[in-house]
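Student: Structure provided below as structure tokens; questions to follow.
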2 protein chains.
Amino acid sequence: MNPTLETFSQGEEIVTGQTVDTNAAWLSQQAVQLGFTVTRHTAVGDKLDDLITLLQEISSRADCCICTGGLGPTTDDLTTEAVAQAFGLQLVFDAAAFARMQQFFANRNKPMPEANRKQAMLPEGALRLDNDWGTAPGFAIQHNRCWFAFLPGVPSEMRPMFLEKILPTLPERFALRPATLITVKTIGLGESDIQQRISAVPIPQQVQLGFRAGLNDVQTKLLFPQGYPAAERQTLVDRIAAPLGDYVFAIDGAGCESGDLVAVIDGLMMQQGKTLAVVETVSQGLLAGLCLGANWLLETRYEQSIERLRHKLNITVTGDDVMAQAQAIAATLRQGSGADYVLVQLYTGDKNQFNDRDQAIVLYDVLLTESGFKTAAHTVAGSGKRKQTQAALLALDLLRRHLQQKA
Amino acid sequence: MNPTLETFSQGEEIVTGQTVDTNAAWLSQQAVQLGFTVTRHTAVGDKLDDLITLLQEISSRADCCICTGGLGPTTDDLTTEAVAQAFGLQLVFDAAAFARMQQFFANRNKPMPEANRKQAMLPEGALRLDNDWGTAPGFAIQHNRCWFAFLPGVPSEMRPMFLEKILPTLPERFALRPATLITVKTIGLGESDIQQRISAVPIPQQVQLGFRAGLNDVQTKLLFPQGYPAAERQTLVDRIAAPLGDYVFAIDGAGCESGDLVAVIDGLMMQQGKTLAVVETVSQGLLAGLCLGANWLLETRYEQSIERLRHKLNITVTGDDVMAQAQAIAATLRQGSGADYVLVQLYTGDKNQFNDRDQAIVLYDVLLTESGFKTAAHTVAGSGKRKQTQAALLALDLLRRHLQQKA
């Protein structure tokens, strides 16, 4: 029997639906991989009595509970107080936690508001979990059957704290039989396309097959129980990946983590020592934004219309052949930018088509490489936001395919 | 006292984190507007005993519970069975539900799989909720204190079923007093800064004060009970907003919805008939990306370094005065772009400072307007991603302040 784990999210913004609780799902994915059975997610608001009741319930029901939220400096952040009352503990001032918070504000050249002092009060006997990503320290404590860990609710603080401060300690606290998760990441195929392509592959009963259609990719997930032979695992992964062809940009798991599409491109660009200049239209800055911090991205530009772009760059090619215009723009931009690669994204369709989720637009992507042009055209529908995201990813994917072919 | 409402989501894909539970948040938003107090969200997997326990708990705790998921035809869809066992009821065949399901498949020229027959079995005494958007009928039933409604988990079926089959019946089942939510939206102040600034304002006990620090703004929320006098409400909102000064970019609620920072800017730019050109550095395309679909954004560019930018635009101003360089860039870009306003964002700090979450960088924003330059400098720390977001928002906020001053 795996140890059981529950998640508990605190915040009025969660129970009133202002914020979708993504922490519970993220933590549960981690927990399943580690070898826990996740039994329940609960969210409650800012009512002290509700919090106390819930903490007591969980303490006699689960082996482990990861709690998020309610550690902030304001009066509606009640988790620590609730823990003290639920478990009959005093709150004590933690000087080290306070010193870290002072340092946090000093680094930002800001005075620490008096309200933050309360964040340094922790239940007696709790293990402090330092927060290197924000102000609120977390803490962990055993009560009855359950080991509780309390983390901030902001995902950018919660996730690294879980990974760095909690995850490494779990194997010594619990008898875990971690499963192996293999994730096949694709761009350009829908979930049902993938299901159809792999439908002929028999999946052994012990292996769990799942799909996750995210904003940035579609992931096909295979969860193997502990002790599943590595060679058989590899055979199954290969049989799943084969019919997905070069839509696959990464296969993660079992010690290999490539990250998202940009991380894969980043690795290849650094390895091959290349630079890039970009013209965006539909993606309107999102492509550049996704490549945050990349050394190889020299410049990007967005112009509201192809006409403005042609005018600015003195492009004389006109007419219906959008791909020819994109090629001319790429060639001109290589000269101006000095970049090894130039990626140009144009599209046909007007403002109405762009904003109407029922209408499609056509994307024309051109990549100017060391060996001429690579091109790709895609039809994209959905909301303006979806078209923007797809446009950024599909343009980047043209670069990824080129880089992987060369590698 | 408002009636209390809980949500309950069933499914292994929810508790294992494969699917983020968006149903709970969506239903809660609806419920809060209707005048319920949402007290708890719970999600459990496909274990019959867990489901039975949970249903019994909720039946004696909440006034209303909206349950989603577990109504499908497969063996891991256990909600109906759990209801029967938890509440001591027989399952009875519902001929009308069965006929509708047969019709659903007939309309699609598909044979109805035998497994679907189980979906026509409903607990005795339950009110059937017809599903015009899929196969699984829902149902509603009172047990102990709580009125339960059971809906499919697929949002595209759940949402219209809630809106058409459940929502209209709620006012006759519950004494609902819809509340009024006012949201004061700010950029540039932290949650604890805000709390300190408004600490002198007395908040009447009936009014609920809350905060939400999102990625794009910090929201101060005031929830007024039904019947709270409008004039007194306005007075309190004014007293809260006053010490927040021009950090406030919008006050939403009571019929007024301005949306986010970009929506506010969009309204003002359209109204004043202006256009914009932008140079991004730290925000690296994100600023442009946030303005998706805006007619007034003529062009944006990102260059990897100030040196590249100076070279491209033939800017001769150099030296330590970054603001002077930004002004020169803005002036040159206005000529080249023909835009009414030019927003230039530069920064000092190197790659290490940018990527190190403990180190700060200084942003220099310049807005060239019809009446000269507006400038703002900000110190920003945190992860690269956070610096990027803050840089985009703070630059846009300089434009917002100018537009609101003029309006």
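Student: When only Cα pairs under 8 Å and 6 or more residues apart are kept, what is the percent relative contact order across chain B? Intermediate values should be presented prior to the final figure.
Tutor: Working: 721 pairs, mean separation 43.6, N = 407.
Here the relative contact order equals 11 percent.
Student: Where q = 0.12, 0.18, 0.22, 0.28 Å⁻¹, what log10 of I(q)/I(0) comes from the Debye formula for region A:180-257, counting one point per Cα?
Tutor: Debye intensities relative to I(0), on a log10 scale: -0.29, -0.67, -1.02, -1.61.
Student: Where does region A:1-62 land on Rg/Rh, using Cα atoms and the Kirkwood Rh?
Tutor: Working: Rg = 12.4 Å, Rh = 12.3 Å.
We get a ratio of 1.00 for region A:1-62.
Student: Arrange the following residues from fewest to most other Cβ atoms within 10 Å of their Cβ: B:Phe36, A:Phe174. Write down the numbers at each step before the final one.
Tutor: On the way: B:Phe36 27, A:Phe174 18.
So the residues, fewest neighbours to most, are A:Phe174, B:Phe36.
Student: Report, in cubic angstrom per residue, the convex hull volume of the C-alpha atoms of chain B.
Tutor: Taking only Cα atoms, chain B has a hull volume of 196 Å³ per residue.
Student: Just the Cα atoms of the protein assembly as shown, one point each, no solvent: what log10 I(q)/I(0) does Debye give at q = 0.05, 0.06, 0.11 Å⁻¹?
Tutor: For the protein assembly as shown at q = 0.05, 0.06, 0.11 Å⁻¹, log10 I(q)/I(0) is -0.29, -0.43, -1.49.
Student: Measuring nothing but label to label, 7 Å from Cα along Cα→Cβ, what are A:Gly88's distances to the other copies in nm, shortest first?
Tutor: With the label placed 7 Å along Cα→Cβ, A:Gly88 yields 3.5 nm.
Student: Then there's this: Which net charge results when you count Lys and Arg as +1 and Asp and Glu as -1 among the other residues whose beta-carbon is under 15 Å from that of A:Gly289?
Tutor: 0
Student: State which helices in chain B qualify, where a helix is a whole DSSP H run, it must extend 15 Å or more along its own axis by its Cα atoms, and its mean Kyte-Doolittle hydropathy must be at least -1.0.
Tutor: B:22-34, B:48-59, B:95-107, B:230-241, B:261-272, B:322-337, B:384-406
Student: Starting from the amide H of A:Tyr341, placed 1.01 Å from N in the peptide plane, find each other amide H under 5 Å away whose residue is 5 or more places distant or on another chain.
Tutor: A:Thr275, A:Leu276, A:Ala277
Student: Moving on to the next point. Read phi for every residue in region A:215-223 and hand back ³J(HN,Hα) as whole Hz from Karplus 6.51 cos²θ - 1.76 cosθ + 1.60, θ = phi - 60°, with x for Gly and Pro.
Tutor: Karplus-based 3J(HN,Hα) across region A:215-223 equals 6, 9, 5, 10, 10, 9, 10, 10, 9 Hz.
Student: Continuing with the same structure: Please order B:Ser9, A:Ser156, B:Ser192, A:Ser192 by the number of other Cβ within 10 Å, starting at the fewest.
Tutor: A:Ser192, A:Ser156, B:Ser192, B:Ser9
Student: State the antiparallel share, in %, of DSSP beta bridges confined to region B:184-339, rounding to the nearest 5.
Tutor: So the antiparallel bridges amount to about 70 percent of the total.
Student: Let me ask something else. Quick one: order A:Phe98, A:Phe8 by neighbouring beta-carbon count within 10 Å, fewest to most.
Tutor: A:Phe98, A:Phe8
Student: Report the Cα centroid-to-centroid distance between region A:199-243 and region B:111-141 in angstrom, as an integer.
Tutor: With region A:199-243 and region B:111-141 each reduced to a Cα centre, they are spaced 33 Å.
Student: Quickly work out the A:Arg173-to-A:Phe373 label distance, labels modelled 7 Å from Cα along the C-beta direction, and quote it in nm with one decimal.
Tutor: With each label point 7 Å from Cα toward Cβ, the separation is 5.8 nm.
Student: Shortest first and in nm with one decimal, please list how far the B:Glu114 label point sits from its counterparts in the other copies (point 7 Å along Cα→Cβ).
Tutor: The answer, with the shortest distance listed first, is 7.5 nm.
Student: Another question, then. Pairwise over distinct Cα atoms, reciprocal of the mean inverse distance: report the Kirkwood radius of region A:1-139 in Å, one decimal place.
Tutor: On the way: mean 1/r = 0.0626 Å⁻¹.
The answer is 16.0 Å.
Student: For region A:318-407, what value does the Rg/Rh ratio take when both radii are computed over Cα atoms and Rh is the Kirkwood radius, given to two decimals?
Tutor: Result for region A:318-407 is an Rg/Rh of 1.00.
Student: Antiparallel DSSP bridges in the protein assembly as shown: what percent, to the nearest 5?
Tutor: Working: 100 of 152 bridges.
Expressed as a percentage, antiparallel bridges in the protein assembly as shown total about 65.
Student: Could you name the aspartates and glutamates whose alpha carbon sits less than 19 Å from that of B:Lys110, not counting residues in the same chain fewer than 8 places away?
Tutor: Counting by Cα, and skipping residues close in sequence, B:Lys110 has these aspartates and glutamates nearby: B:Asp132.
Student: Note down the magnitude of the dipole of region B:358-398 about its Cα centre, charges +1 on Lys and Arg C-beta and -1 on Asp and Glu C-beta and zero elsewhere, to the nearest 20 debye. Let's see the in-between values first.
Tutor: Details: 4 positive and 4 negative charges, 34 e Å.
That gives region B:358-398 a dipole magnitude of about 160 debye.
Student: Could you pull out every residue, at least 5 positions away or on a different chain, whose amide H is within less than 5 Å of the one on A:Gly45? Hs are placed 1.01 Å off N in the peptide plane, and Pro or chain starts have none.
Tutor: Amide H to amide H, under 5 Å and 5 or more residues apart or across chains, A:Gly45 pairs with A:Gly11.
Student: Same structure again: Restricting the count to DSSP beta bridges whose residues both fall in region B:262-406, what percent are antiparallel, rounded to a multiple of 5?
Tutor: 65 percent
Student: Which pairs break 23 Å Cα to Cα here: A:Lys185/B:Lys387; A:Lys312/B:Lys374; B:Lys374/B:Lys406; A:Lys312/B:Lys274; A:Lys351/A:Lys385?
Tutor: Violating the 23 Å Cα-Cα cut-off are A:Lys185/B:Lys387; A:Lys312/B:Lys374.
Student: One decimal, nm, shortest first: give the distances between the label point of A:Met270 and those of the same position in the other copies, each label point 7 Å from Cα along Cα→Cβ.
Tutor: 4.4
Student: With +1 assigned to the C-beta of every Lys and Arg and -1 to the C-beta of every Asp and Glu, and no other charges, what is the dipole magnitude of chain A about the Cα centre in debye, to the nearest 20?
Tutor: 660 debye
Here, each number is a calculation from the coordinates, and none is a lab measurement. None of the values given here were measured: they were computed from a predicted structure. Using ideal geometry, Cβ is built from the backbone for each residue, glycine included, and neighbour counts are taken over all protein chains shown.
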